[in-house]
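The next block holds one structure in the form of structure tokens; read it before the comments.
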Amino acid sequence: MPHLNTLLGTLHPEEMGMVAVREHILWGSSGWEFDPRAWPRIAKVFEKSFNELLDFKLLGGQTFVECSGIGAGRDLDFLVKLTAVTGVHVVASTGFWSDAHTPAHFRRYGADDFARLFTHELTVGIGHTRIKAGVISVGNGAGGMSELETAIYRGAVRAAKATGAALITHGIDTARRQIKIFQEELLALPRVVFGDCDRIIDLERDRWLAGLGACVAYDNVGLEAWSDLPYAMPDQWRAELVAQMVASGHGESVMLSAGSKVANLGRGGAHLSNVGNLLRYFVPELEKAGVAQEAIRAILVGNPKRVLPIQRDSAGGAA
Amino acid sequence: MAHVNTVMGAIHPDELGPTATHEHIVWGPPGWEHDPEWWFHYPQVFAKCLAGLVEYRELGGRSIMCCSGIGLGRDVEFYRMLSKYSGVNIIVPTGFWAAAGIPNHFLGKSIDYLSDMFVGELTDGIGNTGVRPGFIKVGIGRTMTPGDEMLHRAAARAAKRAGVPVVSHGAWEALKVLEILGSEGMDLSRVIISHCSHGGAIDPVRDRKVASMGAWISYDSFTVTNTSAVTHYAHPDEKRAEAVKQMIDAGFMHRMLLSSDNNLFSLGWMRSSPYVGKATQADFLRSTPGKLRRIGISEEIFWKILTENPKQVMAIQ
Amino acid sequence: MTQTVNGALASAQLGVVAVREYVIRARPGWEHDPWLELDRPAAFDAIVSALRAFKTLGGGTIVEAGGTLCGRDPEMLEKLASASGVNIIASTGLAGEEATPAHFQHSRIEAADLADLMADELTTGMAARGMRRSSVRAGAVVTANGPDGIPDIGERALRAAALAARRAGVPVFTSGSAQARRQLELLTLEGLPMECIVIGHCDDRKAADLRRDMEIVGMGACVAYDHVGWEDGSAPHALSDERRAELVKGMVDAGFANRVVLACSAIGCALGMAASKHATSHLLGSFVPRLSKAGIGESALHTMLVENPRRLFAAEPGR
């Protein structure tokens, strides 16, 4: 039975509603916990997270996928409590964001070790709890896929196949290499969401990925010119990308998110978009770009509902 | 291996440090969550509890036993957050308050059913959290009802199986409590009789009797002096200090626990509303040594009782 | 005065000091491993027993050389010292490159920033779990590097170590003696006096070099034969105690007893890595008798075990 693991238990896919597919609460490259100058006030972070999730909820959002993964700020207790008091379905992810976000303890792992770890988090529980992750989230840093990252990707694929969980990737610059790995490992591409597609704009690439059956996520919505990040751009451009994807018949392969970070646990480089922007400002932007209501609904509700839940095909294998 | 179960995992008894043994981080009677009058802005609840624990730690406290049982506010993930970010060890119970505070779902369950459930939590953890309670909490109302007796029997059976202490909210029927627990074969040195210093519950003769039977006397309402906020057990701390002195003089310093029974945030208890001026565990550390010093008990003794005694009674062997 | 985990102590009271031991040793991120469980009560008892055994043989103090990143728990150290009666001097400082998380590798964190971080741990209190600064202070600085050169992060860490050690008046213990000359160069470049430097792991099988050691002590620094008990075959770096004793004898015979310190690098509780087969008590129970038999006299032993550490830990802040 397809289902979504949230921090408070499992949901039927029909309960997911509008979904932000790639967000962060606490986020930092590994090691921040040893640097007092990188520590936020946790009570303040909790309040800010609470406010942002409630804002999202009041705007109609219902499911929030927290993509930080292992060691990059995922705080299970914090997330469970936040889910309980806001009523937003928060989904935790398993996986490592990139080489730089993989703590030393795991740097000797090979692909099968990673697969075993991710599978455990998806099917048994995170840490010593029985609270399960709902999706796999992995990626690579700028400048290609390192050896460690390759093992992480392969581990993620094997865990996705073993459990039926969806895989969200971050590192669009390696899209071709990722596809090669997925094909080598025989992962069905409809189980994959390529994130960060608005980091390097390439409509042809996106259409190619969609044509292969994968999803593409424009997941830095709201990151506009005020940011000094190199991939900041007007939301209008993102909306046009979506409009063109829909126009070419690829609306069923698009997902959206704000890529927000409530607290950046480093020394600077804050990414201050928030998840409410997705519904408050970006949906009107999509309408302005001529995307039909029905297509917007498919993107925010239908596509995540189809892809993100844990599911197996009729033969009992991973779909 | 001797250990104490905290919400962050088992620790060595030497790591407990000064411990307030009968407190509540949050407490609410079953059902409070359905009453919108008690729906607080949760970030504020977190901020207030965290600040309270940080202050407690700054004043020398290291561990807190939260006596809020099942359905009474015990909130494992919330407590883990608080423990991790304050550095205070938090120990939670399995069990209930008195039979009068049992959620309806558990009414009519047998002694063995309850006992098995307590053991389940003590060995497999609470819900899906993997967190093991450190003791069993039970209690009585004004008198020992048949339901209260059942609870005590279930607690004793579970305690024997899991090796944990039992905290009984029932000073006013202490001998009855010990008789029931004892009749189930429980080692009385693993029993804490709570609320021996509540207004109306002070009884030095009883306390000496209880202590001489090997059980622990808990003077756990220090700082609860505001009779307009907490009517039924507030009274001057001087009376509590006097009880402590009498016990020490009778040679029972090693059978005594001190605490303040404060909630850092009340989840639905009118008489202890979070907005009524009330004390915290930090106030307990701040004001109690002075109360004791005035009648000749040194501060060193205060900290010794707070450190050495919990270590003894809480250690699961 | 020496900063131990239980407060300041006159260095004359340290007694016999083992200058490099590990209480809990793990790589950063270990706590996210669902198959690794720190049985704290059992570890606590085992470590207390090991420390007591050291004390019974005449031991007084250990330097816990794990630094900031590798499993250190300041408040547990405090309790372990109280329970065992052995003084523990905790350390601040980064690990080798492989175990130093991305947060610190980032070039934005300069040597001066790292120095502030270490100095805070020496003068205010060490960072503890939960983004919390404990009130327990470190009393030494450690650094580490591999055999093949000092990478950028290692260089920053060494410079920072020198700056912080000067500010707090504590010694620096290095590791990775193959790079000893470069270590000395970087440390002294930042103004740290030679007499505050201990070049560690001079008994590394792959880098043992008596001539180099004499050169080091000739400049005024100390050398540490600090892997006593790691016998042949137990680790790639391991050397037999017999061979190690020859190194010590060589130094003593050359008149350098006043520049040699000793330790076992024993691990009280290893999480996710190989444990040592021996404990700190091996130093006094086995190695010192071996040295005596080799003809090293009481007074030289006393110099290496008591007087040299006393001198190292008697430095004054602000140099």
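Does A:Lys57 satisfy the condition of being in contact (Cβ under 8 Å) with a residue 12 or more places away in the chain and buried (at least 18 other Cβ atoms within 10 Å of the Cβ)? It would help to see each step written out before you state the result.
Numbers: in contact (Cβ under 8 Å) with a residue 12 or more places away in the chain: yes; buried (at least 18 other Cβ atoms within 10 Å of the Cβ): yes.
So A:Lys57 fits the description; yes.
Out of everything in region C:266-303 that is in contact with a Leu (Cβ under 8 Å, 6 or more places away or on another chain) and in a loop (DSSP other than H, G, I, E, B), what residue ends up being farthest from C:Glu21 (Cα to Cα)?
Selected residue: C:Gly272.
Please tell me if B:Gly95 is more than 18 Å from the chain's Cα centre (by Cα) and on the phi > 0 side of the Ramachandran plot.
Details: more than 18 Å from the chain's Cα centre (by Cα): no; on the phi > 0 side of the Ramachandran plot: yes.
It is false that B:Gly95 is more than 18 Å from the chain's Cα centre (by Cα) and on the phi > 0 side of the Ramachandran plot.
Name the residue that is farthest from the other protein chains (Cβ to nearest Cβ), counting only residues in region A:42-69 that are under 27 Å from C:Ser107 (Cα atoms) and not in a loop (DSSP other than H, G, I, E, B). Lay out the reasoning, then the answer.
Here is the first cut: in region A:42-69, the residues under 27 Å from C:Ser107 (Cα atoms) are A:42, A:45, A:67-69.
Cutting the leftovers down to not in a loop (DSSP other than H, G, I, E, B) gives us A:42, A:45.
Numbers: A:Ile42: 5, A:Val45: 9 Å.
Among them, the one singled out is A:Val45.
Which residue is nearest to B:Pro13 (Cα to Cα), if the candidates are limited to region B:105-135 and must be part of a helix (DSSP H, G or I), open to solvent by 50 Å² or more (accessible area, probe 1.4 Å) and modelled with pLDDT of 95 or more?
Looking only at region B:105-135, we keep the residues that are part of a helix (DSSP H, G or I), and these are B:105-106, B:111-124.
So of that shortlist, the ones also open to solvent by 50 Å² or more (accessible area, probe 1.4 Å) come out as B:105, B:112-113, B:116, B:123-124.
When the remaining residues are screened for being modelled with pLDDT of 95 or more, the result is B:112-113, B:116, B:123-124.
Numbers: B:Asp112: 30, B:Tyr113: 30, B:Asp116: 26, B:Thr123: 18, B:Asp124: 21 Å.
Looking at residues that are part of a helix (DSSP H, G or I), open to solvent by 50 Å² or more (accessible area, probe 1.4 Å) and modelled with pLDDT of 95 or more, I get B:Thr123.
Has region C:122-140 got any residue that is within 13 Å of C:Thr4 (Cα to Cα), surrounded by fewer than 24 Cβ atoms within 10 Å (Cβ to Cβ), of a type in the set (D, E, K, R) and more than 10 Å from every other protein chain (Cβ to nearest Cβ)?
Taking every residue of region C:122-140 in turn, at least one turns out to be within 13 Å of C:Thr4 (Cα to Cα), surrounded by fewer than 24 Cβ atoms within 10 Å (Cβ to Cβ), of a type in the set (D, E, K, R) and more than 10 Å from every other protein chain (Cβ to nearest Cβ).
Do you know which residues across region A:3-36 are outside any helix (DSSP H, G or I), of a type outside the set (A, V, I, L, M, F, W, C) and surrounded by 17 or more Cβ atoms within 10 Å (Cβ to Cβ)? Can you show your working first?
Within region A:3-36, the subset outside any helix (DSSP H, G or I) is A:3-12, A:16-31, A:35.
Now restrict to residues that are of a type outside the set (A, V, I, L, M, F, W, C): A:3, A:5-6, A:9-10, A:12, A:17, A:22-24, A:28-31, A:35.
Within region A:3-36, A:Asn5, A:Thr6, A:Gly17, A:Arg22, A:Glu23, A:His24, A:Gly28, A:Ser29, A:Ser30, A:Gly31, A:Asp35 qualify.
So which of A:Leu209, A:Leu203 ends up being surrounded by 22 or more Cβ atoms within 10 Å (Cβ to Cβ) and over 30 Å from C:His106 (Cα atoms)?
On the way: A:Leu203 fails: surrounded by 22 or more Cβ atoms within 10 Å (Cβ to Cβ).
Answer to the selection: A:Leu209.
Being open to solvent by 20 Å² or more (accessible area, probe 1.4 Å), within 14 Å of chain A (Cβ to nearest Cβ) and in a loop (DSSP other than H, G, I, E, B), is that true of even one residue in region B:136-157? Write out each step before concluding.
Step one: list which residues in region B:136-157 are open to solvent by 20 Å² or more (accessible area, probe 1.4 Å), which gives B:141-147, B:149-150, B:153, B:157.
Then keep just the ones that are within 14 Å of chain A (Cβ to nearest Cβ); that gives none.
Within region B:136-157 (the criterion being open to solvent by 20 Å² or more (accessible area, probe 1.4 Å), within 14 Å of chain A (Cβ to nearest Cβ) and in a loop (DSSP other than H, G, I, E, B)), the answer is no, since none of the residues qualifies.
Consider region C:20-67. How many of its residues are farther than 30 Å from A:Ser93 by Cα and touching a residue at least 40 places away in the same chain (Cβ under 8 Å)? Working first, answer last.
Step one: filter region C:20-67 for residues farther than 30 Å from A:Ser93 by Cα, giving C:20-23, C:41-67.
Adding the requirement that they be touching a residue at least 40 places away in the same chain (Cβ under 8 Å) leaves C:20-23, C:43, C:46-47, C:50-51, C:53-54, C:56-67.
Looking only at that region, the number is 23.
Cβ contacts < 8 Å: first residue farther than 18 Å from C:Val63 by Cα, restricted to region C:125-140; second residue charged (D, E, K, R) and at pLDDT 95 or above, any location; separation 6+ or different chain. Result?
Pairs that qualify, where the first residue is farther than 18 Å from C:Val63 by Cα and the partner is charged (D, E, K, R) and at pLDDT 95 or above, are C:Ala128/C:Asp73; C:Ala128/C:Glu75; C:Arg129/B:Lys84; C:Arg129/C:Asp73; C:Gly130/B:Lys84; C:Arg133/C:Asp120; C:Ser134/C:Glu75.
Only residues that are assigned to a helix (DSSP H, G or I) and either of a type in the set (Phe, Trp, Tyr) or crowded, with 21+ Cβ neighbours inside 10 Å (or both): list them for region A:120-150, please. Break it down stepwise before answering.
From region A:120-150, those assigned to a helix (DSSP H, G or I) are A:120-123, A:147-150; that's our starting set.
A:Glu121, A:Leu122, A:Glu149 - these are the residues of region A:120-150 that are assigned to a helix (DSSP H, G or I) and either of a type in the set (Phe, Trp, Tyr) or crowded, with 21+ Cβ neighbours inside 10 Å (or both).
So which residues in region A:105-115 are at the interface with chain C (Cβ under 9 Å from one of its Cβ atoms) and touching a residue at least 24 places away in the same chain (Cβ under 8 Å)?
Passing the criteria: A:Phe106, A:Arg107.
Take the conditions surrounded by fewer than 24 Cβ atoms within 10 Å (Cβ to Cβ), within 14 Å of chain C (Cβ to nearest Cβ) and either assigned to a helix (DSSP H, G or I) or at pLDDT below 95 (or both) and apply them to A:Ala100. Does it pass? Working first, answer last.
Numbers: surrounded by fewer than 24 Cβ atoms within 10 Å (Cβ to Cβ): yes; within 14 Å of chain C (Cβ to nearest Cβ): yes; either assigned to a helix (DSSP H, G or I) or at pLDDT below 95 (or both): yes.
Yes: the conditions hold for A:Ala100.
Considering only residues that are in contact with a helix residue (DSSP H, G or I) (Cβ under 7 Å, 6 or more places away or on another chain) and open to solvent by less than 20 Å² (accessible area, probe 1.4 Å), which ones fall in region A:249-259? I'd like the intermediate steps shown before the answer.
Narrowing region A:249-259 to residues in contact with a helix residue (DSSP H, G or I) (Cβ under 7 Å, 6 or more places away or on another chain): A:250-258.
Selection gives A:Gly251, A:Ser253, A:Val254, A:Met255, A:Leu256, A:Ser257, A:Ala258.
Go through (1) within 11 Å of another protein chain (Cβ to nearest Cβ); (2) buried (at least 24 other Cβ atoms within 10 Å of the Cβ) one by one and return the number of the condition A:Trp39 breaks.
Here A:Trp39 clears every test but (2).
If you check A:Tyr153 against the conditions, is it open to solvent by 10 Å² or more (accessible area, probe 1.4 Å) and of a type outside the set (A, V, I, L, M, F, W, C)?
When the stated conditions are applied, A:Tyr153 does not pass them.
Hey, among A:Val90, A:Val45, A:Val85, A:Val65, which residue is in contact with a helix residue (DSSP H, G or I) (Cβ under 6 Å, 6 or more places away or on another chain), open to solvent by less than 20 Å² (accessible area, probe 1.4 Å) and not aromatic (Phe, Trp, Tyr)? Working first, answer last.
Numbers: A:Val45 fails: in contact with a helix residue (DSSP H, G or I) (Cβ under 6 Å, 6 or more places away or on another chain); A:Val85 fails: open to solvent by less than 20 Å² (accessible area, probe 1.4 Å); A:Val65 fails: in contact with a helix residue (DSSP H, G or I) (Cβ under 6 Å, 6 or more places away or on another chain).
After applying the criteria, what remains is A:Val90.
Run down B:Glu58, B:Glu77, B:Glu33, B:Glu23 and say which single residue is more than 14 Å from chain A (Cβ to nearest Cβ) and over 19 Å from A:Arg41 (Cβ atoms).
Values: B:Glu58 fails: over 19 Å from A:Arg41 (Cβ atoms); B:Glu77 fails: more than 14 Å from chain A (Cβ to nearest Cβ); B:Glu33 fails: more than 14 Å from chain A (Cβ to nearest Cβ).
Of the residues listed, the single one that is more than 14 Å from chain A (Cβ to nearest Cβ) and over 19 Å from A:Arg41 (Cβ atoms) is B:Glu23.
Identify all residues within region A:222-247 that are crowded, with 16+ Cβ neighbours inside 10 Å and either farther than 21 Å from A:Ser98 by Cβ or in contact with a Cys (Cβ under 6 Å, 6 or more places away or on another chain) (or both); write none if there are none.
A:Gly222, A:Glu224, A:Met233, A:Asp235, A:Arg238, A:Ala239, A:Glu240, A:Leu241, A:Val242, A:Ala243, A:Met245, A:Val246
A:Gly95 is checked against (1) more than 11 Å from chain C (Cβ to nearest Cβ); (2) more than 14 Å from C:Pro34 (Cα to Cα); (3) open to solvent by less than 10 Å² (accessible area, probe 1.4 Å) and fails just one. What number does that condition carry?
It is condition (2) that A:Gly95 fails.
Among the residues of region B:1-60, write down those that are among the aliphatic types (A, V, I, L, M), under 27 Å from B:Ala98 (Cβ atoms) and more than 18 Å from the chain's Cα centre (by Cα).
Once the filter is applied, which keeps residues that are among the aliphatic types (A, V, I, L, M), under 27 Å from B:Ala98 (Cβ atoms) and more than 18 Å from the chain's Cα centre (by Cα), region B:1-60 yields only B:Val45.
Can you pull out every residue in region B:39-55 that is touching a residue at least 24 places away in the same chain (Cβ under 8 Å) and within 8 Å of chain A (Cβ to nearest Cβ)? I'd like the intermediate steps shown before the answer.
Taking region B:39-55 and keeping what is touching a residue at least 24 places away in the same chain (Cβ under 8 Å), we get B:40, B:45-46, B:48-50, B:52-55.
Across region B:39-55, the qualifying residues are B:Phe46, B:Leu50.
Find the strands (runs of 3 or more DSSP E) located wholly in region A:158-264 whose residues include 1 or more that are modelled with pLDDT of 95 or more, and list them.
Working: elements: A:167-170, A:192-194, A:215-218, A:254-256, A:261-264.
Per the criteria, A:167-170, A:192-194, A:215-218, A:254-256.
Identify the single condition in (1) open to solvent by 10 Å² or more (accessible area, probe 1.4 Å); (2) over 20 Å from A:Val80 (Cα atoms); (3) within 11 Å of chain C (Cβ to nearest Cβ) that B:Val88 does not satisfy, given that it satisfies every other one.
Only one criterion in (1) open to solvent by 10 Å² or more (accessible area, probe 1.4 Å); (2) over 20 Å from A:Val80 (Cα atoms); (3) within 11 Å of chain C (Cβ to nearest Cβ) is unmet by B:Val88, namely (1).
The values are calculated or read from the model by the stated rules, or taken from the named source; none is laboratory data. Quick caveat, the model's predicted, so the values are computed rather than measured. With ideal geometry, Cβ positions are generated from the backbone for all residues, glycine too; neighbour counts draw on all protein chains shown. All accessible areas refer to the heavy atoms of the entire protein, side chains included, with ligands and DNA or RNA removed. Shrake-Rupley method; radii C 1.70, N 1.55, O 1.52, S 1.80 Å.
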